[in-house]
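Structure first, then comments.
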Amino acid sequence: MRQVIIQSMLLLLFSCSASAFGGQLLTPYKGAQPAPDFELVDVDGDKHRLSDYRGKPLIINFWATWCPPCREEMPSMNRAWHKVKDGVSMLAINVGEDEDTIFVFSADYPIDFPVLLDQSGEVIKQWPVKGLPTTFVLDREGNIRYTAVGAREWDDDALLEIVKSL
């Protein structure tokens, strides 16, 4: 019995450490595919087109306030933004919610980079999103180069070096 408990604890420890390590990885995208263009408004009503962000690497995060992993990763995304904002662009695309919901959320989780609204869900349908949060990393030409499904610590320096190298 004791051996079963020890084996179970080791398996749990290995699973957690592998998950933590694996959670930081970015998955290379199948070739450099052009990202689907879109035009969305932000929480202030300003229009943003994906094509406006060419020239710098871009992180695009699809998320929602009701999503626990989204809530978990948003503070690290904001810290990452402050680390890389001079050389990397970042967008958070909220799926299905309105400005008031995001305003309430941002009281607890400040977001200093643009938050765009995909209230109808039309944009998320054009992207290969597998769940929330899903993040795409685009190169300077607007091609999808990496994806990340699930929460990450986006302010991790090694992860940010990959993004900046694009």
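The values are calculated or read from the model by the stated rules, or taken from the named source; none is laboratory data. What you see is a predicted model; the values in this text were computed from it and never measured. Cβ coordinates were reconstructed from backbone atoms using ideal geometry, including for glycine residues, and neighbour counts include every protein chain displayed.
Filtering segment 117-166 to residues that are closer than 11 Å to Tyr29 by Cβ and either assigned to a loop (DSSP other than H, G, I, E, B) or without any contact (Cβ under 8 Å) to a residue 60 or more places away in the chain (or both) leaves Pro128, Asp139. Every listed requirement among (1) outside any helix (DSSP H, G or I); (2) touching a strand residue (DSSP E or B) at 6+ places or on another chain (Cβ under 6 Å); (3) closer than 25 Å to Gly121 by Cβ; (4) at pLDDT 95 or above is met by Cys70 save one, (1).
Condition check: surrounded by fewer than 14 Cβ atoms within 10 Å (Cβ to Cβ), touching a residue at least 12 places away in the same chain (Cβ under 8 Å) and either of a type in the set (Ser, Thr, Tyr) or in contact with a strand residue (DSSP E or B) (Cβ under 8 Å, 6 or more places away or on another chain) (or both). Does Asp98 satisfy that?
yes
Considering each residue of segment 154-164 in turn, at least one proves to be within 11 Å of the chain's Cα centre (by Cα) and at pLDDT 95 or above.
Looking only at residues of segment 1-48 that are touching a Lys or Arg at 6+ places or on another chain (Cβ under 8 Å) and in a strand (DSSP E or B), we find that the one that is modelled with the lowest pLDDT is Ala32.
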